[in-house]
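The values are calculated or read from the model by the stated rules, or taken from the named source; none is laboratory data. It should be emphasised that the depicted structure is a prediction, and the values quoted were computed from it without experimental measurement. As a convention, Cβ positions derive from the backbone with ideal geometry for all residues, glycine included, and neighbour counts pool all protein chains shown. Heavy atoms of the whole protein, side chains included, go into the accessibility calculation; ligands, DNA and RNA do not. Shrake-Rupley method; radii C 1.70, N 1.55, O 1.52, S 1.80 Å.
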Amino acid sequence: MSTADGAFDTDESCLFCKIVAGDIPADLVHTGERVVAFRDIAPKAPLHVLVVPRDHKPNAAATAAADPALIGELVSVADAIATGEGQPAYNLLFNTGEAAGQTVFHTHLHVLAGGKLTELPV
Ligand code: AMP
């Protein structure tokens with residue numbers, strides 16, 4: 001959840017906070033009031049986009065606890081991007097925890113399309 005003054009939580013050491021702030025370049029495909037999306041730098045499928053809340057939380061469950069509607073926004077933005085790129089069939093994935101492959105501890109929804117999830121090393 002954003003703070004009472006309307007600002008979003010941020011972590012100055014967080015890579016995705018820096019992308020959201022525009023301090024590090026990314027191939028942006030969506031810039032909304034609360035949600036940003038950009039292409040994964042190491043795509044694991046023909047379409048591989050990360051949909052990210054501006055508000056810094058370490059994982060999807062933390063975002064859901066703070067602001068459940070924001071998870072819905074991530075899914076809606078993911079659908080709009082995939083559909084808009086001609087990929088109405090896609091997989092959505094939140095990695096949570098290092099042992100599950102999470103490497104960036106800022107909530108991000110992987111949108112993968114153009115390949116079968118069982119064949120993707122996400
Ligand atoms: P995860 O492993 O679920 O934490 O996903 C992190 C994802 O971020 C990986 O798929 C990386 O390829 C991707 N990634 C890392 N750095 C960048 C970057 N600078 N721009 C875009 N994607 C990135």
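Annotation for segment 27-36: at least one member residue is touching a helix residue (DSSP H, G or I) at 6+ places or on another chain (Cβ under 7 Å) and within 20 Å of residue 102 (Cα to Cα). Across segment 62-100, the number of residues qualifying as over 13 Å from the mean Cα position of the chain (by Cα), over 14 Å from residue 37 (Cβ atoms) and loosely packed, with under 14 Cβ neighbours inside 10 Å comes to 10. Beta carbons closer than 8 Å, at least 6 apart along the sequence or on distinct chains, pair a first residue in segment 13-27 that is more than 12 Å from residue 55 (Cα to Cα) and open to solvent by 60 Å² or more (accessible area, probe 1.4 Å) with a second that is assigned to a loop (DSSP other than H, G, I, E, B) and more than 8 Å from the ligand (Cβ to nearest atom) for 15/106. Just one of the listed residues (34, 54) is among the basic types (Lys, Arg), modelled with pLDDT of 95 or more and under 19 Å from residue 13 (Cα atoms), namely 54. Being touching a Leu at 6+ places or on another chain (Cβ under 6 Å), part of a helix (DSSP H, G or I) and either of a type outside the set (Val, Ile, Thr) or more than 14 Å from the ligand (Cβ to nearest atom) (or both) is a description that applies to residue 78. One residue stands out in segment 55-75 among those that are aliphatic (A, V, I, L, M) and touching a residue at least 12 places away in the same chain (Cβ under 8 Å): the one that is nearest to residue 113 (Cα to Cα), namely 75. Checked against the criterion of being of a type in the set (A, V, I, L, M) and touching a residue at least 40 places away in the same chain (Cβ under 8 Å), the candidates 52, 36 yield just one match: 52.
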